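The values are calculated or read from the model by the stated rules, or taken from the named source; none is laboratory data. Please read these numbers as outputs of a predicted model, since none were measured by experiment. When we count neighbours, we look across all protein chains shown, and the Cβ atoms used for this are built from the backbone with ideal geometry, even at glycine. Calculation scope for accessible area: heavy atoms of the full protein, side chains included, ligands and nucleic acids excluded. Shrake-Rupley method; radii C 1.70, N 1.55, O 1.52, S 1.80 Å.
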Amino acid sequence: MKKIQDIRIREIEPLTTPKAMEDVSPVSEEESEKISSFRAQVNAIIKGEDSRLLAIIGPCSIHDTKAALDYAARLKKLADSVSDVFFVVMRTYFEKPRTALGWKGLITDPDMDESCDIEKGLRIARKLLIDITDIGLPVGCEVLDPIVPQYTDELMSWSSIGARTTESQTHRSLASGLSVAVGFKNSTSGDLTAAVNAAKAASRPASFIGVSRDGRLAVFRSSGNEVTHLILRGGDQGPNYYEDDVEEAAKMMEKTGLTPAVIIDCSHQNSRKDWTRQKRVLRAVIDQVRWGDSWIRGFMLESNINEGSQKIPQDLRELKYGVSVTDGCIGWEETERIVMNAASLVRDARTQGGKVEIL
């Protein structure tokens, strides 16, 4: 009989089940308590029950676990110093959606040589998330592959769905069952409709096919995610972090029955793809918060130990330490400076009754 199935599949490799990987890198009772506390604080901020802002800060993507832990130790100290006004979540992105070609992230290609040892990538990612949790930082990931959360869901405190996947029904259903708050980014065009619809859809119960922790195909039935929100990241027509943009997003959410909650991505099109402009976006966001904008729940910064970005060399020994291999990032010194300054401005506003006086 002529083969008519899997005709373009070169090879099928078995993959360790989520449960088996969990047995190798288990979450301790202490870690579980930390994560539960982190999630409760994130959720309270998204719902407007906690007046602090979420500060989601970290590398565009993680490729070096040593540098990631070095960064996490620095970020923990900064997080403690601003904890009265910001709740800091470390950006730990392991999957990178690509417009065309390029490195797809640590989980897919941990050796950065197109060998795509996905099992190795999952093990490294899970262990790193545990290590960062032990430092005392909550972690946030972008959810791309719908199976990966079975390996990482218990460790996350916040998550996002990217601009290219916000319209995906698969990701909307998945988000409805995730254990953490989920932010949907507006489309690359800048349109908010898909993100608002996604947040609404994910807030409702859903049924979808997935893989259980013991590796079996199963039908999952979710209860819906009550902490969905929008992430404004700009679009083809330019930035969308201005006051009118935030107001439009809030009204669209209200119209669909959602509680307005917006996070501003200081990178991507909001910075016009220029990492050095992130501080300008953050300054504008903080100004809106100081003037009493209650719809903004937080901000995102792409930051690393050293500024800029680098191409992946053939000889990986030539990689520069603490420098992004995807989008450019601000360096640590600037990260510390602008976050401390932003925290100071928010504190000043609070001493004036929660917002600055209208002139």
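Can you tally the net charge around LYS120? Count Lys and Arg as +1, Asp and Glu as -1, for every other residue whose Cβ sits under 10 Å from the Cβ of LYS120.
-3
For the stretch 105-168, rounded, prolate or oblate, judged on the Cα gyration tensor with a ≥ b ≥ c (square roots of eigenvalues), a/c < 1.5 rounded, else prolate if a/b > b/c?
Numbers: a/c = 2.02, a/b = 1.04, b/c = 1.94.
Judged from the Cα gyration tensor, the stretch 105-168 comes out oblate (a/c at least 1.5, b/c at or above a/b).
Answer with one residue from ILE231, CYS329, LEU75: the one whose Cα lies farthest towards the positive end of the charge dipole of the chain, charges on Cβ with Lys, Arg +1 and Asp, Glu -1.
Among ILE231, CYS329, LEU75, the one farthest towards the positive end of the dipole of the chain is ILE231.
Which ³J(HN,Hα) values in Hz, rounded to whole numbers, follow from the phi angles of the stretch 66-78 under the Karplus curve 6.51 cos²θ - 1.76 cosθ + 1.60, where θ = phi - 60° and Gly and Pro get x?
4, 5, 5, 6, 4, 4, 4, 5, 5, 5, 4, 5, 5
Taking the Cα centre of the stretch 307-350 as origin and charging only Cβ (+1 Lys, Arg; -1 Asp, Glu), how large is the dipole, in debye to the nearest 20?
About 120 debye.
Counting Lys and Arg as +1 and Asp and Glu as -1, each charge on the Cβ, what is the dipole of the chain about the Cα centre in debye, to the nearest 20?
Using only the charged Cβ atoms, the result is roughly 600 debye.
Per the helix-only calculation at 222 nm, which mean residue ellipticity applies to the chain, given -39500 (n - 2.57) for every DSSP H run of n ≥ 4 and division by its residues, nearest 500 deg cm²/dmol?
-11500 deg cm²/dmol
Only Lys, Arg, Asp and Glu count, each charged at its Cβ (+1, +1, -1, -1), so figure out the dipole size of the stretch 171-305 about its Cα centre, rounded to 20 debye.
Numbers: 18 positive and 15 negative charges, 92 e Å.
Computed about the Cα centre, the dipole is about 440 debye.
Which percentage, to the nearest 5, of the DSSP beta bridges contained in the chain is antiparallel? If you can, show how the numbers build up before the last one.
Working: 7 of 39 bridges.
Given both bridge residues lie in the chain, the antiparallel proportion sits at roughly 20 percent.
Running a GNM on the chain with Cα contacts under 10 Å, which residue among ALA202, ALA68, ALA40 ends up with the highest mean-square fluctuation?
Maximum fluctuation in the GNM of the chain, among the listed residues, is at ALA40.
What shape does the chain have by the C-alpha gyration tensor, where a ≥ b ≥ c are the square roots of the eigenvalues, rounded means a/c under 1.5, and otherwise prolate means a/b greater than b/c and oblate the rest?
Prolate shape, in that a/c is at least 1.5 and a/b is the bigger ratio.
Near LYS200, which aspartates and glutamates are there with a Cα under 14 Å away, not counting those fewer than 8 places off in the same chain?
Answer for LYS200, where 14 Å is the Cα cut-off: GLU167, GLU226, GLU254, listed by chain and number.
Provide the per residue accessible area, probe 1.4 Å, for the stretch 59-191, rounded to a whole number of square angstrom.
Numbers: 4410 Å² over 133 residues.
Heavy-atom accessible area per residue stands at 33 Å².
How large is ³J(HN,Hα), in whole Hz, for each residue of the stretch 18-28 in order, when computed from phi with the Karplus curve 6.51 cos²θ - 1.76 cosθ + 1.60 and θ = phi - 60°, using x for Gly and Pro?
Whole-Hz 3J(HN,Hα) from phi for the stretch 18-28: x, 5, 5, 5, 5, 5, 6, 10, x, 8, 6.
So what's the stretch 211-359 giving for Rg/Rh, alpha carbon basis, Kirkwood Rh from the mean inverse pair distance?
1.08
Would you mind pulling out the separation of the Cα centroids of the stretch 276-332 and the stretch 133-186, in Å?
20 Å
Can you tell me what percent of all Cα-Cα pairs in the stretch 87-132 are more than 14 Å apart?
51 percent
For PRO18, what charge total do you get from the other residues with a beta carbon under 15 Å from its beta carbon, if Lys and Arg give +1 and Asp and Glu give -1?
After counting each charged neighbour, the total is -1.
5 Å is the cut-off here: which amide hydrogens, built 1.01 Å from N in the peptide plane, fall below it relative to VAL89, excluding neighbours closer than 5 in sequence?
Sorted by chain and number, the residues that satisfy this are ALA55, ILE56, ILE57.
What residues have an amide H closer than 5 Å to that of SER189, excluding those fewer than 5 places away on the same chain, when H is modeled at 1.01 Å from N in the peptide plane?
ASP236
Which whole-Hz ³J(HN,Hα) couplings does the stretch 202-207 yield from phi under the Karplus relation 6.51 cos²θ - 1.76 cosθ + 1.60, θ = phi - 60°, glycine and proline marked x?
6, 7, 9, x, 8, 10
For the chain, what relative contact order do you get, as a whole percent, if you take Cα pairs closer than 8 Å and at least 6 residues apart?
Contact order relative to length: 16 percent.
Check which residues have an amide H placed less than 5 Å from SER160's amide H, if you skip close sequence neighbours.
The answer is CYS141, GLU142, VAL143, GLY183.
Between VAL246, VAL24, VAL85, where does the largest GNM mean-square fluctuation fall for the chain, given springs only between Cα atoms within less than 10 Å?
Between VAL246, VAL24, VAL85, it is VAL24 that shows the largest mean-square fluctuation.
Local charge sum around GLN278 (other residues, Cβ-Cβ under 13 Å, Lys/Arg +1, Asp/Glu -1)?
Details: positive: ARG91, ARG233, ARG272, LYS273, ARG277, LYS279, ARG280, ARG283, ARG337; negative: ASP265, ASP274, GLU302, GLU307, ASP327, GLU334.
Local charge sum for GLN278: +3.
With springs connecting C-alpha atoms under 10 Å apart, model the chain as a Gaussian network and identify which of GLU243, GLU13, GLU254 has the largest mean-square fluctuation.
Of GLU243, GLU13, GLU254, the most mobile in the Gaussian network model is GLU13.
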